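Q: Dropping a structure here in structure tokens format, bear with me for questions.
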């Protein structure tokens, strides 16, 4: 199997390590294989792939899309390093409001699978980071929402004290006030 699926403290979120092959020409590895992911209870099919390029201390998130266009995501870093976070926002979940964080980088090749019903964000630790997001639904701006990155109820220990934020991200909602139609 070309992947190692690692459990996290939130059962539906997974860290994925692809098997990489190296030779004098460079490296090769599979980043997604539907049958292997389904065999590990990740039945997502992806319909959109996004790429972001951000500088050091940029923080993006915490973003999600409401149903019926909720997005599962597979996050990977092709250049640089990020501190990647996902927050369970499914009402009634035993892990509601809890988060998982992972360092993703071009060197460790790790990926993070985020199911529907979770908010996602990351901050850049390297001078620059290029991030690829595989998404299970197409972007729907009218259904996109944002939770405040530094909501004290979530208490994420971001490794950046004064992040660079978009106007939208600086005005995110608190978790307990955020519009949310996810149920566990």
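Q: Please work out if residue 55 is crowded, with 21+ Cβ neighbours inside 10 Å, in contact (Cβ under 8 Å) with a residue 40 or more places away in the chain, more than 11 Å from the chain's Cα centre (by Cα) and farther than 20 Å from residue 172 by Cα.
A: Against the criterion (crowded, with 21+ Cβ neighbours inside 10 Å, in contact (Cβ under 8 Å) with a residue 40 or more places away in the chain, more than 11 Å from the chain's Cα centre (by Cα) and farther than 20 Å from residue 172 by Cα), residue 55 does not qualify.
Q: Residues that are closer than 28 Å to residue 98 by Cβ: which strands (runs of 3 or more DSSP E) entirely in the range 1-45 hold 3 or more of them?
A: Once the strands (runs of 3 or more DSSP E) in the range 1-45 are filtered for at least 3 residues that are closer than 28 Å to residue 98 by Cβ, what remains is 3-7, 14-18.
Q: I would also like to ask the following. Taking residue 68, is it assigned to a loop (DSSP other than H, G, I, E, B), modelled with pLDDT of 95 or more and over 22 Å from residue 166 (Cα atoms)?
A: Yes.
Listed here are the residues, each with its yes/no results for (1) closer than 21 Å to residue 6 by Cβ; (2) touching a strand residue (DSSP E or B) at 6+ places or on another chain (Cβ under 7 Å).
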site: 68; (1), (2): no, no
site: 85; (1), (2): yes, yes
site: 92; (1), (2): no, yes
site: 113; (1), (2): yes, yes
site: 124; (1), (2): no, yes
site: 131; (1), (2): yes, yes
site: 141; (1), (2): no, no
site: 145; (1), (2): no, yes
site: 149; (1), (2): no, yes
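Q: Check 142, 151 and return the single one that is at pLDDT 95 or above and assigned to a loop (DSSP other than H, G, I, E, B).
A: 151
Q: Right, something else. Among the residues of the range 154-177, write down those that are assigned to a helix (DSSP H, G or I) and either farther than 24 Å from residue 113 by Cα or free of Cβ contacts under 8 Å to residues at least 40 places away in the same chain (or both).
A: If the condition is that a residue be assigned to a helix (DSSP H, G or I) and either farther than 24 Å from residue 113 by Cα or free of Cβ contacts under 8 Å to residues at least 40 places away in the same chain (or both), then 167, 168, 170, 176, 177 are the ones that fit.
Q: Restricted to the range 108-139, and to residues that are over 13 Å from the mean Cα position of the chain (by Cα) and either under 22 Å from residue 32 (Cβ atoms) or modelled with pLDDT under 95 (or both), which residue is surrounded by the fewest Cβ atoms within 10 Å (Cβ to Cβ)?
A: 138
Q: Taking residue 79, is it over 15 Å from residue 156 (Cβ atoms) and free of Cβ contacts under 8 Å to residues at least 60 places away in the same chain?
A: yes
The values are calculated or read from the model by the stated rules, or taken from the named source; none is laboratory data. Bear in mind the structure is a predicted one, so any value in this text is a computation, not a measurement. Quick reminder, even Gly has a Cβ in these numbers, built from the backbone with ideal geometry, and neighbours come from all protein chains shown.
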